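Enquirer: Sharing a structure, written as structure tokens. Questions coming.
The values are calculated or read from the model by the stated rules, or taken from the named source; none is laboratory data. These numbers come from a predicted model, not from an experiment. All Cβ positions, even for glycine, are placed from backbone atoms using ideal geometry, and neighbour counts span all protein chains on display.
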Amino acid sequence: MINKKLSTGNLEILLLGGWITIALILRFTALDGKPPWADEFSTLVFSLGNSFRGIPLNEIISLDTLLEPLEINPLATSRDVIRHLITESNHPPVYFVLLHWWMNLFNPSEGYVSLWVARSLPAFFGVLSVPVIYNLAKLTYSSPLVRHFAAAMMAVSPYAIYLAQETRHYTLALLFVLASLGCFVKACQRLNQGKSLPISLGFIWIFLNCLGIAIHYFFCLTLCAEVIVLGVMFLSKCKEKIRLKPGFIASFILPIVGSLMGGLVWLPVFYTNSYGSKLTQWIQGSDRVGFAWISPVVQAISGWVPMISLLPIESASFAQYPLMVISFSLIMVLFFFWVIPILITGLRQLYQNGETRFSTSIWGGFVISAIVIFFSLTYLFNIDLTKGARYNFTYFPAVIILLGSILAWMFKQERVKSQWFQLPAITMNGKKAVFLIWLMGVSSGVTVVANFGYQKFYKPDTLVTIIKKNSTVPLLIATPQNTHVEIGELMGIAWQWKKAEGRGKKEEGVIMLRNLSLDAPKFLLVNQTNLLKTTVEKLAFPLDVWLVNFPKNRVDLDQNKCQKDTRSRPSVDGYNYQLYHCLK
């Protein structure tokens, strides 16, 4: 009997080690293969203890000057990180300080920051989420299958891999969501049993929640969803006409009040930051007319689907691989057409089962509450959080645990049936169905790693290739400047140019060396009107001027000297560009 228990325990550890290994491989493969985008540049600069304010505006600058904030600064301290972040951005500092320490450990002592080193920290946190969600599932479901399937799906989820391969704070925030949910589960269990919440657990919960808010302000959305579920449970207890003692009620109010106080600390910092409103304009909604009324729903669904599956279907790949995109789109439609009825049936069965009803109610109620909060902010306050799929980290772990519980139910079924209305049913062995779903997850994870899914919002590498192919004279690349986001957009071009130059030096004899020998471009960040024309006229001609994300009404070049190139060129994500040839 003892040997049997030991062997079962060893098997548990071995399986968990397998999920962790898969997560490790998927998150660290080609970690620095994708170009960094604007948000990642802001993370790099602030985490180095540097500032964007040293970059000159309204004057010609060199590539090296533009990339200067990305250089290792051995004199920078954590205090510099916090100071620059609070005065120039709208994020709390905990993750940035951690990344500062991390990069000090592994970066070279001089030169530019290593993108691989910077991305390795969130990738590491992403790997840690696998054993953490395993233990979180263990708190609510007695079946070992649930925790293993939750860990397995977290390991291969394309959404989780996408978060882990960016130099951002989402995987650390995700870990604290998981930790907070652990306390939340224990609180729900104590409340259901009519027992007070231990003071020690209450203070641990407060500590975790305060740290979570100090990592990402949207962590508050997780806390709001938790409060809603606890509130519904309290109302249910009141309907049972059970007399609740003041100490019992106070034990649950304590962590709520403590977490609220921990969040209010950041309000003065957030609202006194002049950058805050500018950096969040993109999620601020407008008057909803026609399709705009349902666009948040479409955006939300497009954020939910990749939690489970994402094959190479992005529109950016269509021009180059149309047949591939069409084929994989059809496969995904057929997959979800098959799997959704099974998931719904499994969820219904778990809710009807006395052993799993309570746990399923907790996780289902939490997910529903979070979604209601998202849509309430979108439709009532014009804060459209559905535009940013990354914000789903606030409830993503609960989705994975629910999925793990459904897969555990499926695994035990001899046959599972998928049927829509009165259409013919599709039946399959339960174990085969689970394997097929997980295989789709693995394929989706590989899709993200191979850069066929969750592609970056900005593609400076593509734009640099286009520039090199179309210009043979000195270059000026200009963009209007409003916040450090636009600086990050130009940094992406400069970073890729520098990278291409380094690659070109190693590839002698390559045909593209003709264009790689082109001098590095000059850059111009414009935040004053009527400056572009006067600046360009001071430069030597001939000159190619590439305008990036420039509004048409702000282009004031002399049409007699600078002619617009009207040839058709491919579109580039994140960069709306136009070429002008300036001649003598």
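One line per residue, one yes/no per condition, for (1) touching a strand residue (DSSP E or B) at 6+ places or on another chain (Cβ under 7 Å); (2) of a type in the set (A, V, I, L, M, F, W, C); (3) under 21 Å from residue 166 (Cα atoms):
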position: 446; (1), (2), (3): no, yes, yes
position: 474; (1), (2), (3): yes, no, no
position: 479; (1), (2), (3): yes, no, no
position: 501; (1), (2), (3): no, no, no
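Enquirer: Filter the stretch 70-108 down to the residues that are small (Gly, Ala, Ser) and in contact with a helix residue (DSSP H, G or I) (Cβ under 7 Å, 6 or more places away or on another chain), then identify the one that is modelled with the lowest pLDDT.
Expert: That would be 89.
Enquirer: Continuing with this model, one more query. Looking only at the stretch 534-570, how many residues end up being within 24 Å of residue 457 (Cβ to Cβ), surrounded by 10 or more Cβ atoms within 10 Å (Cβ to Cβ) and among the polar types (S, T, N, Q)?
Expert: 1
Enquirer: Only one of (1) crowded, with 17+ Cβ neighbours inside 10 Å; (2) free of Cβ contacts under 8 Å to residues at least 24 places away in the same chain fails for residue 106. Which number is that?
Expert: Of the numbered conditions (1) crowded, with 17+ Cβ neighbours inside 10 Å; (2) free of Cβ contacts under 8 Å to residues at least 24 places away in the same chain, the odd one out for residue 106 is (1).
Enquirer: Okay, moving on. Please report, ordered by residue number, the helices (runs of 4 or more DSSP H) entirely within the stretch 391-501 with at least 3 residues that are more than 19 Å from the chain's Cα centre (by Cα) and within 25 Å of residue 314 (Cα to Cα).
Expert: Ranges flagged: 430-449, 460-470.
Conditions (1) farther than 30 Å from residue 523 by Cβ; (2) at pLDDT 95 or above; (3) surrounded by fewer than 17 Cβ atoms within 10 Å (Cβ to Cβ), marked per residue:
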residue: 1; (1), (2), (3): yes, no, yes
residue: 5; (1), (2), (3): yes, no, yes
residue: 9; (1), (2), (3): yes, no, yes
residue: 13; (1), (2), (3): yes, no, yes
residue: 34; (1), (2), (3): no, no, no
residue: 37; (1), (2), (3): no, no, no
residue: 45; (1), (2), (3): no, yes, no
residue: 53; (1), (2), (3): no, no, yes
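Enquirer: Let me ask something else. Could you please find all residues in the stretch 39-95 being among the charged types (D, E, K, R) and over 22 Å from residue 480 (Cα atoms)?
Expert: 71, 79, 80, 83
Enquirer: From 442, 449, 416, 464, which residue is surrounded by fewer than 19 Cβ atoms within 10 Å (Cβ to Cβ), farther than 30 Å from residue 226 by Cα and touching a residue at least 12 places away in the same chain (Cβ under 8 Å)?
Expert: 442
Enquirer: Next question, about the same structure. If the requirement is being part of a helix (DSSP H, G or I) and out of contact with any Asp or Glu (no Cβ under 8 Å at 6 or more places or on another chain), which of these qualifies: 386, 378?
Expert: Of the residues listed, the single one that is part of a helix (DSSP H, G or I) and out of contact with any Asp or Glu (no Cβ under 8 Å at 6 or more places or on another chain) is 386.
Enquirer: Suppose we filter the stretch 131-180 for residues that are part of a loop (DSSP other than H, G, I, E, B) and not aromatic (Phe, Trp, Tyr); how many remain?
Expert: Here the count works out to 8.
Enquirer: Please go through the stretch 473-507 and give me each residue that is at pLDDT 90 or above and of a type in the set (Val, Ile, Thr), ordered by number.
Expert: Hits for the stretch 473-507 are 473, 477, 479, 485, 487, 493.
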